[in-house]
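Structure record follows, encoded as structure tokens.
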Amino acid sequence: MIHVNNFSNGALNPVLAYLMSCMGCFLGLRCTTRARAYQGAARARWLAMAALAIGSTGIWVMHFIAMLGFTIPDESIRYNVPVTILSMVIAVAVVGVGTFIVGFREGNGPLLLGGVIIGCGVASMHYVGMSAIRVQDSLTYDPMLVAASVIIAVIAGTAALWAALRLHSLLSTIAASLIMGVAVSGMHYTGMAALRVYPERGVSVSTSATASAIAFLLPLILGLSMVGFIFSTVIALSPTAAEILEEGELMARIAQTSQNGPHTGLGRQLSATDSGRQDPAQPGSLFRPHPSQRRP
């Protein structure tokens, strides 16, 4: 068996991969929080953005940043381009299925089902991505460690959905993202620990539809990272879930006031309530508390 190195660049790759995973999970959780405040097509759009953020940046980018530190002695590692792209599509699609399940259905059943689907999707992305490796050696896996990596992925997926449904404040979302980053990274390196590489003579590596990590993975990772920063800007400028709910309540009161007439007691009460309300948070602030956390 050939000894492989997952940390050929020291702590750079695992630390950077962890940070990118945390960022992707954070963006996905914030998108899911906003999705819960909408209905219909608007909710679906936010859930799709959450799946894209978690699947691409939180999972796929994390995996291949870590893979940039993976080396086999005296081997040139190449990646099959279509299979690598397929692994990203799998990650986004499966995470999307899980988020849509909990986004449109409530209860522990959909939560567990969505967590299992996302966990299996994360594991599938990892091993499909690993199948894109082209080297002159034989790659096999330890079944017990593979099973452990899948269990970690399922737990991470379920925790992500639970956090998306239960956590609304900025600090709690950051904490959940840090924990999810540990889970995704733990799943990845457990899967890498399951890898076994054996020399195989007479095997040639076809360069057709393949590329080196520096030529292919690095530009793609940088591009997706830029998309993540654009996501951050969109989320920062968009209304928070609390503001969305408040706007809906205000529009409902205005509609009811219009039906009852502007000079009724209800209209005067609405005006007094709105004029006397003081809120130090600025519009668009991520720090505004959820309506359920407001004092009566």
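The values are calculated or read from the model by the stated rules, or taken from the named source; none is laboratory data. Because the structure is predicted, anything quoted here is derived from the model rather than measured. Cβ sites come from the backbone with ideal geometry, for glycine too, and all protein chains shown count toward neighbours. What goes into the accessible areas is simple: the full protein's heavy atoms, side chains included, and nothing from ligands, DNA or RNA. Shrake-Rupley method; radii C 1.70, N 1.55, O 1.52, S 1.80 Å.
General remarks:
- Taking trypsin sites (Lys or Arg not before Pro) across region 1-77, none is in a DSSP loop with at most 14 further Cβ atoms lying within 10 angstrom of its Cβ.
- Once you reduce region 23-96 and region 158-172 to the center of their Cα atoms, the two points are 18 Å from each other.
- Which of 111, 167, 12 is most accessible, then next, and so on - probe 1.4 Å: 12, 167, 111
- Label-to-label distance, nm, for residues given as residue 193 and residue 5 (7 Å Cα→Cβ offset): 2.1
- Over all pairs of different C-alpha atoms in region 1-126, the reciprocal of the mean inverse distance, the Kirkwood hydrodynamic radius, equals 15.6 Å.
- The smallest convex shape that holds all Cα atoms of region 100-226, its convex hull, gives 135 Å³ per residue.
- Within region 50-71, backbone nitrogen closer than 16 Å to the virtual label 7 Å beyond the Cα of residue 214 toward Cβ: 68-71
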